[in-house]
Amino acid sequence: AWKDRWTVSSDWKSKSELGEWTNTAGEFYADASDKGIQTSQDARFYGLSAAMTNAFNSSDKKDLVIQYSVKHEQKIDCGGAYIKLMPGGDSFEATKFGGDTPYAIMFGPDICGQNKRTHVIFHYDKKEDNLLIKKDVGCETDQLSHLYTLVLRPDNTFEVFVDNKSVRSGKLEDEFDFLPEKEIKDPEQSKPEDWVDVREIPDPEDVKPEGYDDILEEIPDPDAAKPDDWDDEDDGEWEAPMMDNPDFKGPWSPKMIPNPDYKGAWVHPMIANPEYSYDDSMHAVCKDGCTHVGFELWQVKSGTIFDDIIVTDSLEEAQKFAEETFFKKKEGEKEMFDEAEKKRREEQEAAMADEEDFDMDDMEDMQ
């Protein structure tokens, strides 16, 4: 049974804050006996972890592959669905596993409103904070199962796959803030005091015309006429309404001309950063050994199903496992979903037709 392998984080939050996990194939599937673990209560925290069959140690200089499937049956509006890889070994406190538990990798989709991303976050001993990927990786948002795969290689590169299609790859130093900048602004240099970076200046030959300041902003409307029924004794002396003066151009300012002393924008000279050094061990997120995987989540709308989890040192093995699990059920799940959607639309259309007939009957009764 799945509960024999997985431990709920019962000591992480109060019982009223924690949602229940269930074991189910969901509402649409290819095989009813092929079950995953599902969040089942709205607006709850979820914590669940399991020890891996074999620990992964970065010192072995092998690829690290994390792969699992996610199915948001509930049309998720806000909630995480990422997996965490953690150290800890025999001292890992499974019932206390939660948001403050140290982890090596956090990977997977997270959706809330307009924010829809696949997290790729690495722990790095030389930085206080874990490192987020600089440019967001998108995620799938429909109600079907999708396969998420992360590969971390000992040559300090990584790759993200969704449904076995590569969606992002690159060098760790380019996509994450593992290393300081190679170059920095020369602290010994500063912009010269006489540097001219003003592109235009007022034309010294341009002079304000005589009488310019005497031009009024508003003038009486020359086309206005005193009404025939206007009585000066009763209504007072008639005054024409005011209108914008077409000759008024606003406060005067001289025209601008190119500055003959303009040198362009000053560029701060760069020098090699003395604190920069390449780190061959950026990939070594599990240098002390990673021993557990887990889900530590908050979901406003529950119903996500997790399945087909594998952590290995071989992308080929992970892809073979996906063929035997995820891809084996993908088509059948889609067929059942499409059939359910077709039935839902037909029922909705029938209900709308009944409502229109009811309204027509009401109108006839009123005549």
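The values are calculated or read from the model by the stated rules, or taken from the named source; none is laboratory data. The structure presented is a predicted model; accordingly, all values stated were derived computationally and were not measured. Backbone-built Cβ (ideal geometry, glycine too); neighbour counts: all protein chains shown. Areas reflect the complete protein model, heavy atoms only, side chains present, ligands, DNA and RNA absent. Shrake-Rupley method; radii C 1.70, N 1.55, O 1.52, S 1.80 Å.
Past 32 Å, Cα to Cα: identify those pairs from Lys13/Lys126; Lys13/Lys320; Lys126/Lys328, in the order given.
Details: Lys13/Lys126 30 Å; Lys13/Lys320 38 Å; Lys126/Lys328 42 Å.
Correct reply: Lys13/Lys320; Lys126/Lys328.
Nearest 10 degrees is fine. How inclined is helix 315-324 to the longest principal axis of the chain, computing both from alpha carbons?
So the helix axis and the longest Cα principal axis differ by about 80 degrees.
Bin width 10 Å, origin at 0, all Cα-Cα pairs of region 142-268: what percent of pairs per bin?
9, 14, 12, 12, 11, 12, 13, 10, 6, 1
Can you give the local net charge around Glu341? Use residues other than it whose beta-carbon is closer than 14 angstrom to its beta-carbon, Lys and Arg +1, Asp and Glu -1.
-4
Under 17 Å between alpha carbons, and skipping anything fewer than 8 positions from Lys191 in its own chain: which aspartates and glutamates qualify?
Asp261
Considering only the other residues whose Cβ falls under 11 Å of the Cβ of Asn156, what net charge follows from Lys and Arg at +1 and Asp and Glu at -1? Intermediate values should be presented prior to the final figure.
Numbers: positive: Arg153, Lys171; negative: Asp155, Glu173, Asp174, Glu175, Asp279, Asp280.
Around Asn156, the charge tally is -4.
Please list 225-234, 190-199 highest first by mean number of surrounding beta-carbon atoms within 10 Å per residue.
Sorting 225-234, 190-199 by mean packing, highest first, produces 190-199, 225-234.
When a/c reaches 1.5 or more, the comparison of a/b and b/c decides; with that in mind, is region 231-367 rounded, prolate or oblate per its Cα gyration tensor?
Oblate.
Working from the pairwise distances between different alpha carbons, so that the mean of 1/r is found and then inverted, what is the chain's Kirkwood radius in Å?
Taking every pair of different Cα atoms in the chain, averaging 1/r and inverting gives 27.0 Å.
Tell me the accessible surface of Tyr103 in square angstrom (1.4 angstrom probe, heavy atoms of protein chains only), to the nearest ten.
Here the residue's solvent-accessible area equals roughly 30 Å².
Enumerate by residue number the GluC sites (Glu not before Pro) in region 52-134 meeting two conditions: DSSP loop (anything except H, G, I, E, B), and at most 15 other Cβ atoms within 10 Å of the site's Cβ.
Glu93, Glu128
Protein chains only, probe 1.4 Å: how do Arg168, Arg344, Arg5 rank by accessible area, largest first?
Arg5, Arg344, Arg168
If you line up the Cα atoms of region 76-165 on their principal axes, what length do they span on each, largest first, in Å?
Projected onto the principal axes, the Cα atoms of region 76-165 cover 38, 35, 23 Å.
Pairs of Cα atoms under 8 Å, at least six residues apart: use those to get the relative contact order of region 161-317, whole percent.
In percent, rounded to a whole number, it is 35.
Which aspartates and glutamates does Lys208 reach when only Cα atoms under 20 Å apart count, and residues fewer than 8 places away in its own chain are ignored?
Glu200, Glu217, Asp247
Could you work out the local net charge near Ala104, counting Lys and Arg as +1, Asp and Glu as -1, over the other residues with Cβ closer than 12 Å to its Cβ?
So the surrounding residues net to 0.
Quick check: with the 1.4 Å probe, what order do Thr7, Thr141 take by accessible area, largest first?
Details: Thr7 50, Thr141 70 Å².
Heavy-atom accessible area, descending, gives Thr141, Thr7.
Against the empirical 2.2 N^0.38 Å scaling, what ratio does the C-alpha Rg of region 195-300 come to?
Expressed relative to 2.2 N^0.38 Å, the Cα Rg reads 2.78.
Report ³J(HN,Hα) in whole Hz for each residue of region 215-229, in order, from the Karplus equation J = 6.51 cos²θ - 1.76 cosθ + 1.60 where θ = phi - 60°; Gly and Pro get x.
Whole-Hz 3J(HN,Hα) from phi for region 215-229: 6, 6, 6, 10, 9, x, 5, x, 8, 7, 10, 5, x, 4, 8.
Which whole-number percent is the relative contact order of region 1-148 (Cα, under 8 Å, 6+ apart)?
23
Given the whole protein assembly as supplied and a 1.4 Å probe, what does the accessible area of Thr291 come to in Å², nearest 10?
Spelled out: Thr291, probe radius 1.4 Å, area about 30 Å².
What are the lysines whose alpha-carbon lies under 20 Å from the alpha-carbon of Lys116, with same-chain residues fewer than 8 places away excluded?
Lys71, Lys75, Lys84, Lys134, Lys135, Lys165, Lys301
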